[in-house]
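Asker: One structure follows; several queries about it will come next.
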Amino acid sequence: MERLSFEVYPGEIFGLVGPDGAGKTTTLRMLAGVMTPDQGTATVAGFDVGRDPEGAKYHLSYMPQRFGLYEDLTVDENIRFYADLFGVSKAQRELRSGQLLRAAGMTEFRGRMAGKLSGGMKQKLGLICALIHRPKVILLDEPTTGVDPVSRRDFWRILYELTAEGVAVLTSTAYLDEAERCHRVALLHQGRLLFCDTPAHLKARLGKGVLAVTSPDPRRVREQLQNAEGISSLVLTGDGVHIVVDDVSRRMAEFQARLKQAQVPFDQIQRVTPAIEDLFVDAVSGGKEGEGA
Amino acid sequence: MNTADRSVLIDSLVKRFGDFTAVDHISLETRRGEIFGFLGPNGAGKSTTIRVLCGLLRPTSGRATVAGFDVAREPESVRQHIGYMSQKFSLYNDLKVIENLRLFAGLYNVPRDLVDERIAWALEMANLKGKEARMTGTLPSGWKQRLALGCAVLHRPPIIFLDEPTSGVDPISRRQFWDLIHQMAAEGVTVFVTTHYMEEAEYCNRLAMIYRGKMVALGTPTELKQKSMKGELLLIECEPLGVAVETLQGGPGVLDAAVFGNALHVLVPNAGVGTAQLQAYLVAHEVQVSKIEPIRPSLEDVFVALTSEREGRKEPV
Amino acid sequence: MRWVRLTAVARKEVIHIIRDVRSLSIVVIMPVVLVLFFGYGVSLDLKHLPIYVYDREGSEQSQALLKRFQSSDYFEIVRVANNYSELVKALDDGRAKMAFVISSDFSENLRAGGTVSVQALVDATDDNTANVIIGYTQALVQGYSSDVQLEWLQRRGQQVQPPPLSVETRTWYNENLESSAFIVPGVLAVVMSVIGAFLTSLTVAREWERGTMEQLISTPVTPLEIMLGKLMPYFLVGLFDAGVCVVLAIFWFQVPFRGTVMALLISSALFLIALLCLGFFISVVTRNQLAASQVALVATFLPAFLLSGFLFAIEQMPQFVRLVTRILPARYYVSSLKMIFLKGTPVAMLYSQLVPLAIFALVLAALATRVFQKSLV
């Protein structure tokens with residue numbers, strides 16, 4: 001992790017986005033007080049994590065990738081454990097856990113062993129344990145990896161509700177498309193911060209447009225268009241080709257003509273919204289696809 | 001499609017562990033040279049199905065044929081004709097690149113006189129020439145991925161199974177990897193990929209969506225996006241978001257509404273009609289609308305539409 | 001230090017112990033099994049050794065000699081043989097530990113007044129037993145021999161002088177030399193090793209393996225609270241199991257208990273603390289349950305078993321090994337147990353055992369705390 005600086009505001013979902021090894025987990029760990037930085041400071045909810053970890057820890061919550069659920073404890077016992085560690089009074093705990101369990105649709109599972117819950121429910125339980133003490137900041141490390149899309153939606157809905165209460169949510173993900181769900185995003189690559197902005201601004205930054213060509217023979221399309229002018233990157237998808245270009249309308253017409261001339265079959269060429277992945281690739285490979293890794 | 005072309009054929013496959021049904025009557029066929037995706041969240045039954053297809057697990061009922069061999073009756077033959085690349089790459093980190101290659105050449109019984117040639121080919125394909133002496137554990141994940149692929153195809157199998165091949169790998173390496181896959185497919189190798197990452201499925205020619213052991217959809221990515229959604233998706237940017245999403249829950253023609261970052265994704269039967277209707281509706285409820293436009297649904301939208309319908313949205317997952 | 005957090009950790013640990021069948025059986029069943037096993041199964045006394053006898057003469061005198069063997073508790077005549085080959089076979093098979101042969105000219109030689117030899121064929125594959133057999137046999141034969149001599153002298157009308165020296169032995173503390181009396185208390189050391197070190201060694205390693213430790217550190221709980229919270233239940237369980245063993249020892253095996261409960265409590269508590277900290281230390285350093293359990297077994301259970309004086313007397317060990325035992329807490333605990341049970345030594349006089357135990361407890365506690373704190377950064 002190199003010279004990382006950023007700020008997250010209350011009521012915001014901030015995404016740390018990047019592939020494995022980009023430094024997301026390291027950053028979150030330092031913020032959570034689980035790892036000490038070599039240089040620099042981290043302030044969470046007004047507390048310097050290095051100098052007053054106990055103070056900071058009361059106001060934050062950390063949900064690591066392998067969440068700290070005890071499989072041989074019931075849902076209630078897990079919640080109680082974390083509540084006690086955070087000094088939540090019994091009355092508060094009962095009120096809050098009731099609310100959270102209801103929101104997660106897990107009220108009838110209170111007495112079940114955590115080990116016997118489905119993947120999506122374990123995640124929700126982890127979140128409940130992380131929220132029981134009403135933290136001001138919550139740090140999530142890749143919370144939705146491998147979880148089915150329905151649970152993922154539920155999870156994000158809870159996160160959005162949290163922001164309405166003024167909680168700052170800092171979440172990391174390797175899925176570039178999940179970055180679109182965040183209010184602001186920091187793109188990380190190999191320990192460096194590439195960009196930090198809202199998804200919309202980031203895409204505008206790309207300054208380019210994206211065309212999608214649907215075709216039964218994507219390889220031929222690629223062959224034809226590979227060396228055409230104005231292309232920053234071209235990638236094969238299952239049913240076509242995805243191209244980042246400098247001028248959408250101009251190139252669209254050009255490519256159409258080219259393909260027709262070479263008699264390459266295609267269904268259509270459309271303009272599509274750029275994905276954050278396009279920005280990432282563009283930024284990392286300096287405008288053209290290079291050797292990579 | 002004649003029999004020789006049907007590289008993988010699955011017919012009503014069922015696999016149970018005790019009273020838990022991991023694979024529930026799955027049927028499909030793949031073509032030679034096709035990149036076929038098996039898409040679904042963790043625990044849906046993908047890995048179990050792959051293991052059955054590789055001859056590592058016996059089916060409870062139903063049949064599966066891989067490269068012409070029945071997986072239940074001739075698992076050994078099946079294994080000789082397939083390549084398998086598993087999650088997180090199954091390479092030995094404390095072996096050098098060349099040592100891993102030699103190991104797998106041996107395990108896959110590559111004939112002695114062809115070993116060197118194949119290894120050279122694999123190194124070339126994976127762009128690892130000159131790096132033979134590197135310790136595998138020190139390689140960046142993109143390289144490990146390509147090495148793992150190389151190791152899985154030393155014996156030039158007609159079919160390869162890739163189990164979550166690009167988890168956590170950076171997008172550039174991922175694209176290069178998929179380039180390789182497309183190359184192999186062009187040469188006639190059938191590629192069977194499993195992934196929980198919906199967007200990765202876009203790289204596949206055809207897909208099957210798996211949920212809780214059952215196949216809920218089958219088709220090309222475009223087909224799935226067009227036919228599986230019961231309506232069209234609108235992107236709405238407005239203020240205040242919280243109020244808007246609440247209001248829309250009962251709105252005219254609204255099939256589903258969810259917050260997505262700084263905007264809303266709303267499902268309506270018809271985009272044209274919906275746009276006008278919702279614009280008026282929201283304004284009437286004191287919501288400032290800055291943008292409404294139709295967007296293409298993602299595969300995730302498709303998945304949610306198919307699975308939440310099935311479960312009736314009542315049972316927590 | 002917040003009490004609420006500490007009890008939360010302790011409560012969780014208790015739930016883990018109860019819900020894990022393996023740890024639960026160790027806590028509940030193992031102590032009882034060990035006490036019973038060592039109480040009954042192991043006896044260092046040798047009695048009822050099976051022997052064959054071959055009386056080639058069958059006279060009144062030879063029968064008189066054999067009668068001494070018959071009535072001895074140490075021997076059991078399993079067969080009266082009729083030929084040598086039977087004896088050889090029996091010794092080979094292990095059916096007999098010794099074969100006793102009286103020659104056909106036994107009484108004749110006795111009357112003639114010369115020395116008469118009798119033959120004892122001894123199975124010496126276990127030389128300890130063999131030595132004992134030889135000793136017993138010689139004693140019996142010696143006894144017969146003196147009686148014959150006495151009779152002989154009396155027939156001649158001579159006075160008999162008693163031998164100039166005789167040894168009067170009295171065994172203190174363990175009058176019947178019952179080995180169970182000194183083995184059973186030692187079982188406590190073994191039991192405590194398993195609970196104190198073995199079970200404890202799993203606890204931290206398990207949290208690391210399962211990934212829950214990271215989350216724990218991100219909460220306000222302090223390392224000291226985690227350590228004390230985790231060790232408290234094992235401490236109580238250890239004392240409880242020790243109590244169970246003591247009760248069994250006293251009331252079932254009739255091991256005499258002449259000391260005070262306070263002395264027993266103090267030495268047990270000190271030993272337990274030392275072991276708990278050692279187990280905790282192992283857990284922190286290995287971070288892996290499998291490795292932790294193996295190290296714990298080798299570091300605590302084996303020494304407690306082999307080198308603490310529990311079964312094998314330290315005095316009989318080679319010098320180098322004796323030196324090694326000086327750094328084993330178990331050695332001091334076992335001697336203190338024997339002193340408390342059999343001698344009734346009061347606490348004040350136990351300092352030679354308690355002080356080393358206390359030192360171990362302190363050093364290991366400091367070490368464990370330090371290492372744990374460092375591991376969390």
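Asker: How many angstrom separate the Cα center of segment B:150-167 from the Cα center of segment B:124-138?
Answerer: Centre-to-centre (Cα) distance: 17 Å.
Asker: Among C:THR260, A:THR25, which comes first, second and so on when ranked by fewest other beta-carbon atoms within 10 Å?
Answerer: C:THR260, A:THR25
Asker: Pairs of alpha-carbon atoms within less than 8 angstrom and 6+ residues apart define the contacts here; what relative contact order does chain A have, in percent? Provide the component values of the computation, followed by the final result.
Answerer: On the way: 501 pairs, mean separation 65.2, N = 293.
After rounding, I find 22 percent.
Asker: Still on this structure, please answer the following. For chain C, which span is the longest to avoid every loop-located (per DSSP) member of GluC sites (Glu not before Pro) having at most 10 other Cβ atoms inside 10 Å?
Answerer: C:176-377
Asker: Next up: Using Cα pairs under 8 angstrom and six or more residues apart, how large is the relative contact order of chain B, in percent?
Answerer: Worked out over chain B, it gives 19 percent.
Asker: Here's another thing I want to ask about it. Give me the dipole magnitude in Debye, nearest 20, for segment C:49-155 about the Cα centre, with unit charges on the beta carbon: positive for Lys and Arg, negative for Asp and Glu.
Answerer: Charge dipole of segment C:49-155: 160 debye, to the nearest 20.
Asker: Right, something else. Where a ≥ b ≥ c are the square roots of the eigenvalues of the C-alpha gyration tensor, would you call the protein assembly as shown rounded, which needs a/c under 1.5, or, failing that, prolate if a/b is larger than b/c, or oblate?
Answerer: prolate
Asker: Hey, another quick one. Counting Lys and Arg as +1 and Asp and Glu as -1, each charge on the Cβ, what is the dipole of the protein assembly as shown about the Cα centre in debye, to the nearest 20?
Answerer: 780
Asker: Take the alpha-carbon centre of segment B:238-309, take the same for segment C:332-377, and report the distance between them in whole Å.
Answerer: If we compute the Cα centre of each part, the gap is 71 Å.
Asker: Follow-up. Per-residue mean of other chain beta-carbon atoms within 10 angstrom of the beta-carbon, peptide A:199-205?
Answerer: Working: counts 4, 4, 0, 0, 0, 0, 0.
Across the residues of A:199-205, the mean count of other-chain Cβ atoms within 10 Å is 1.
Asker: Find which of C:LEU65, C:THR129, C:LEU153 sits farthest along the positive direction of the dipole of segment C:49-155, computed with +1 on the beta-carbon of Lys and Arg, -1 on that of Asp and Glu, about the Cα centre.
Answerer: Result: C:LEU153.
Asker: When only Cα pairs under 8 Å and 6 or more residues apart are kept, what is the percent relative contact order across segment A:26-124?
Answerer: 23
Asker: Going by how many other beta carbons lie within 10 Å of each one, how would you line up C:THR300, C:THR203, fewest first?
Answerer: Sorted ascending by nearby Cβ count, the order is C:THR203, C:THR300.
Asker: Ignore the peptide's own chain and count Cβ atoms of other chains within 10 Å of each Cβ in A:230-241; give me the average, rounded.
Answerer: The shielding value for this peptide is 5.
Asker: Can you tell me the orientation of helix C:329-338 relative to chain C, as the angle in degrees between its alpha-carbon axis and the longest Cα principal axis, to the nearest 10?
Answerer: 50
Asker: Moving on to the next point. For chain C, build the charge dipole from Cβ charges (+1 Lys, Arg; -1 Asp, Glu) around the Cα centre, then report which of C:THR325, C:ASN83, C:GLY243 sits farthest towards its positive end.
Answerer: The Cα lying farthest towards the positive end belongs to C:GLY243.
Asker: Using the Cα gyration tensor of segment A:1-50, with a ≥ b ≥ c the square roots of its eigenvalues, what is the shape: rounded (a/c below 1.5), prolate (a/b larger than b/c) or oblate (neither)?
Answerer: Taking the square roots of the gyration eigenvalues as a ≥ b ≥ c, segment A:1-50 is oblate.
Asker: Now for a different question. Per-residue ellipticity at 222 nm for the protein assembly as shown, helices alone: DSSP H runs ≥ 4 residues times -39500 (n - 2.57), over residue total, nearest 500 deg cm²/dmol?
Answerer: -14500 deg cm²/dmol
Asker: So if we plug the beta-carbon distance of C:GLU315 and B:ARG73 into 1/(1 + (r/R0)^6) with R0 = 56 Å, what FRET efficiency do we get, rounded to 0.05?
Answerer: Values: r = 70 Å, r/R0 = 1.25.
My answer for the efficiency is 0.20.
Asker: Further, regarding this structure: How many angstrom lie between the C-alpha centres of segment A:244-279 and segment A:1-60?
Answerer: Rounded to whole Å, the Cα centres lie 42 Å apart.
Asker: Quick check: pseudo-label points 7 Å beyond the Cα along Cα→Cβ at C:GLN70 and C:GLN254, how many nm apart are they?
Answerer: Roughly 2.9 nm, to one decimal.
Asker: What's the magnitude of the charge dipole for chain A around its Cα centre, counting Lys and Arg as +1 and Asp and Glu as -1 at the beta-carbon? Answer in Debye, nearest 20.
Answerer: The calculation lands at about 480 debye.
Asker: If you keep only loop residues by DSSP, which GluC sites (Glu not before Pro) in segment A:94-186 have at most 14 other Cβ atoms within 10 Å of their Cβ? If you can, show how the numbers build up before the last one.
Answerer: Values: sites: A:GLU94, A:GLU108, A:GLU161, A:GLU165, A:GLU178, A:GLU180; in loops: A:GLU165.
Here the sparse-neighbourhood loop sites are A:GLU165.
Asker: DSSP loop trypsin sites (Lys or Arg not before Pro) in segment C:30-109 with at most 12 other Cβ atoms within 10 Å of their Cβ, which ones?
Answerer: C:LYS47
Asker: Shape call for chain C from the C-alpha gyration tensor, a ≥ b ≥ c root eigenvalues: rounded (a/c under 1.5), prolate (a/b greater than b/c) or oblate?
Answerer: prolate
Asker: Follow-up question, since we're still on this one. If each of B:ALA284 and C:LEU224 carries a label point 7 Å out from its Cα toward its Cβ, how far apart are those two points in nm?
Answerer: Those two pseudo-labels are separated by 6.7 nm.
Asker: Taking the Cα centre of the protein assembly as shown as the origin and placing charges on Cβ (Lys, Arg +1; Asp, Glu -1), which of A:LEU206, B:LEU103, A:GLN268 is farthest toward the positive end of the dipole?
Answerer: A:LEU206
Asker: In nm, to one decimal, how far is the B:LYS230 label point from the C:VAL14 one, both placed 7 Å along Cα→Cβ?
Answerer: Label-label distance for B:LYS230 and C:VAL14, simple model: 5.2 nm.
Asker: Longest span of chain B, sites excluded, free of trypsin sites (Lys or Arg not before Pro) in DSSP loop with at most 15 other C-beta atoms within 10 Å?
Answerer: On the way: sites that count: B:ARG73, B:LYS129, B:LYS131, B:ARG134, B:LYS230, B:ARG313, B:LYS314.
So the longest stretch without any such site is B:135-229.
Asker: If you don't mind, there's one more thing I want to ask. FRET efficiency for C:ILE77 and C:VAL324, Cβ-Cβ distance as r, R0 = 60 Å, nearest 0.05?
Answerer: 0.85
Asker: Let me check I've understood the local charge: for A:VAL248, count other residues with C-beta under 12 angstrom from its C-beta, Lys and Arg +1, Asp and Glu -1. What total comes out?
Answerer: After counting each charged neighbour, the total is +1.
Asker: Also: Would you please name the GluC sites (Glu not before Pro) within segment B:154-204 that are DSSP coil residues with at most 10 other C-beta atoms within 10 Å of their C-beta?
Answerer: The qualifying sites are B:GLU187.
Read-outs: derived from the displayed coordinates by stated rules, not from any lab. Quick caveat, the model's predicted, so the values are computed rather than measured. Cβ: placed from backbone, ideal geometry, glycine included. Neighbour counts: every protein chain shown.
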